[in-house]
Each structure stands twice: as structure tokens, then as C-alpha cells.
Amino acid sequence: NIQEGEVVVDLGSGAGIDVFLAAYQAGARGRAIGIDMTPGMVERAGRAAEKSGITNVEFHKAL
């Protein structure tokens, strides 16, 4: 269970669906971070975050 204010990291986040769900559960005081090795997925997730206005998420490329 994700609690209000927690920071969550999702390794292999893909397009970010689970990151967005975690961000919702963590609330405004929390944060969700997605990490993926595919640049296209990181870009796609970032665009989805911008389009939806979700501000407590971030996405990074890493191996």
C-alpha cells in the first residue's frame, strides 16, 4: 500500500501507467519516479504526464 507523502520508484516503467497510479496514491506531498531503459518509453511517459497535468511524477532513462 502506498501512503500519502511517500516516494515510489518503478523500475521498467514503460509508458508509465503504474507510475501514474502510484502518483495518485502518494498524493500532492508524494512523488512517483519511473525508470526505463528505452528512450521512446521515457519520452512517451513524459508526454503523457504533461498532457494530463500530473506534476508529481518524473521519468528517467537508465540501464
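Each reported figure results from applying straightforward, stated rules to the coordinates on display, with no laboratory input. Note that the structure is predicted; figures quoted are calculated from it, not measured. For neighbour counting, all protein chains shown are included, and Cβ atoms are generated from backbone atoms with ideal geometry for every residue, glycine included.
Exposure proxy for Val57, Val9, Val42, Val19: other Cβ atoms within 10 Å of each Cβ, ordered fewest to most, give Val9, Val42, Val57, Val19. For Ser13, the residues whose amide H sits under 5 Å from its own are Ile35, Asp36, ignoring neighbours fewer than 5 places away on the same chain, with H placed 1.01 Å from N.
Using θ = phi - 60° in the Karplus curve 6.51 cos²θ - 1.76 cosθ + 1.60, the 3J(HN,Hα) couplings for the range 48-63 round to 5, 5, 4, 4, 8, x, 6, 10, 9, 10, 8, 10, 9, 8, 7, 9 Hz; x is entered for Gly and Pro. Relative to the longest principal axis of the Cα atoms of the chain, helix 17-26 runs at roughly 20 degrees. Here is the list for the range 1-57: GluC sites (Glu not before Pro) lying in DSSP coil, each with at most 13 other C-beta atoms within 10 angstrom of its C-beta, are Glu4. Our estimate of slack between Gln3 and Arg44, defined as 0.36 nm per intervening residue step minus the Cα-Cα distance, is 12.1 nm. Since only Ile54, Tyr24, Gly5 are under comparison, the one whose Cα sits farthest along the positive direction of the charge dipole of the chain, derived from C-beta charges on Lys, Arg, Asp and Glu, is Ile54. Average 1/r across all pairs of distinct alpha carbons in the chain, invert it, and you get the Kirkwood radius: 11.1 Å.
Loop-resident trypsin sites (Lys or Arg not before Pro) (DSSP state other than H, G, I, E or B) in the chain with no more than 11 further Cβ atoms inside 10 Å of their Cβ: Arg29.
In this structure, the amide hydrogen of Gly30, modeled 1.01 Å from its nitrogen in the peptide plane, lies closer than 5 angstrom to those of Gly5, counting only residues at least 5 positions away or on a different chain.
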